[in-house]
Amino acid sequence: MRRTKRTIGPRNRRLRASAGRALRPAANEQGYVLLWAIFGFVLVGGLLAATLSTAASERRAAGANAQWKASFYAAEAGLREVLGFANDTLVGGLDPGQSMELAWRPVTTSADYRAVIYRVDGGAGQKLYLLNVTGRSGGAFTGYSAQNLMFTIDAGPPAAAIVANGPLVISGDPELTGACADVTANGSISIGGTLTTEGRVSSAGYVDVSGGAIVNWEGMTVTPEENADPVSIPAMAAADFCADADVTLRNGYVIDAAGDSVTAESSTAWKWDDNKDLYEPDKDELTAGTVCAFGNLKVSEDLGTPASPLSLSLITSGSLDMHGKVFMVADDPSGLVVLTEGDMKLHAYPEVGGTNFAGFIYAGSQCEIDNDSVVQGQLVCRDDPDPAGAQNLLDVSDLSGDLVLTGSCVVGGGGNAVPIVSRAWSPVF
């Protein structure tokens, strides 16, 4: 069958023309497409800008929060530090309405604090102080200020030359001189020898002089005071004085000021008896500085000379047994020369012109000086039970030797700060 070419009629030409027009957009529709494209670009750009702005804001907020936290903790650290060293020596001279400002003190390399202490009582009765501590980070005041922390000052140990919280036995012939040559005890006082003093002798109980005498330096009888008001003797803890120790003894280790440690077994300077938790220095190895022992301590060697006493403070959470030709002055800046939380036995041999112990001597339990020791300072025996792990060396505080003590009226730096109102935080803008 032969094909023939079909003739395109008018109808078919119209259909083809119509289909072509349907495939091409109209001129006015091309403008709408351009507008929608521009709108899309603007929308995406806005979202991107918002995202970048939010990220930047979050970074700024995170930085501000970190700075605020650093300032907060600087103020908190400052609050604790000031309460740790504030005492009557520091603030006792403030009159009501007066204040003192302490210089900025660093906490870290980028945060520090400033403290202002106000005396806010009316001048009668208990002294009250307001402590305001402001922390800052990076030199900017973007932290918190510790306000409305009220504190007072405790009485501190009495200024008497010899203080006992329990019974006190004087079986030797001690001699006390100085403006604060008093003897006071919250328990009974039993005199078995001759006590010579320029000061008063008082007891919250009774004073038994049936076996001895109390005289002044003119040889006149001194009448003791009985049933006196008890005195306040605050407890002292070894750990409070160990932060800057040159040598720390703990759990059989010897730790130096830099924090480096060796076992006592491998140490050339110290020995340790783990059965008694007892530390003892090797001969001639005890040098100047502050020694803090978390355990018991025994020292049986000569230290210093009358002409050149050794700058040394011995601090222990247990008991101390010490004897030898010992001539010591306090190394600790507070004036503390010996502190024990347990019993304390001091047996130091005197030499002409020498002072065996110069500073503040404190025993948390009982204390004994059983030789002709020469002391310049103050002796406090708190008479608490022996703490856990401490060796029981004594059952009663006893001055059994011919002690020569010059009372220097040093009260361990004065009473310490005691918070009485909770602190409140307020922002610094």
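The values are calculated or read from the model by the stated rules, or taken from the named source; none is laboratory data. As the structure is a computational prediction, the values presented were derived from the model and not from experiment. Because the Cβ atoms are built from the backbone with ideal geometry, glycine has one as well, and the counts that use them run over all protein chains shown.
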Regarding residue 380, is this residue modelled with pLDDT of 90 or more, within 29 Å of the chain's Cα centre (by Cα) and closer than 23 Å to residue 332 by Cβ?
yes
Tally up the residues in segment 364-403 that are without any contact (Cβ under 8 Å) to a residue 40 or more places away in the chain and on the phi > 0 side of the Ramachandran plot, please.
0
Give, as residue ranges, the strands (runs of 3 or more DSSP E) completely inside segment 273-321 that count at least 3 residues that are within 19 Å of residue 361 (Cβ to Cβ).
289-294, 296-300, 310-316
Which is exposed (fewer than 13 other Cβ atoms within 10 Å of the Cβ) and within 27 Å of the chain's Cα centre (by Cα), of 237, 257, 293?
257
When every residue in segment 105-127 that is among the hydroxyl-bearing types (Ser, Thr, Tyr) and either more than 26 Å from residue 68 (Cα to Cα) or touching a Gly at 6+ places or on another chain (Cβ under 6 Å) (or both) is compared, the one modelled with the lowest pLDDT is 110
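Quick test for you: out of 130, 102, pick the one residue that is under 20 Å from the mean Cα position of the chain (by Cα) and either modelled with pLDDT of 90 or more or of a type outside the set (A, V, I, L, M, F, W, C) (or both).
Answer to the selection: 102.
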What residue, of 358, 363, is of a type outside the set (Lys, Arg), touching a Cys at 6+ places or on another chain (Cβ under 6 Å) and either surrounded by fewer than 22 Cβ atoms within 10 Å (Cβ to Cβ) or more than 18 Å from residue 172 (Cα to Cα) (or both)?
363
Across segment 315-350, what is the total count of residues that are of a type in the set (A, V, I, L, M), surrounded by fewer than 24 Cβ atoms within 10 Å (Cβ to Cβ) and within 20 Å of residue 392 (Cβ to Cβ)?
1
Restricting segment 399-416 to residues that are assigned to a strand (DSSP E or B) and at pLDDT 85 or above, the one surrounded by the most Cβ atoms within 10 Å (Cβ to Cβ) turns out to be 399
Quick one: is residue 179 more than 19 Å from residue 369 (Cβ to Cβ), of a type in the set (Gly, Ala, Ser) and either within 35 Å of the chain's Cα centre (by Cα) or buried (at least 20 other Cβ atoms within 10 Å of the Cβ) (or both)?
yes
Tally of residues being surrounded by fewer than 23 Cβ atoms within 10 Å (Cβ to Cβ) and without any contact (Cβ under 8 Å) to a residue 40 or more places away in the chain across segment 300-313
8
Scan of segment 326-346 for residues that are in contact with a helix residue (DSSP H, G or I) (Cβ under 8 Å, 6 or more places away or on another chain) and modelled with pLDDT under 95, ordered by number:
332, 334, 336
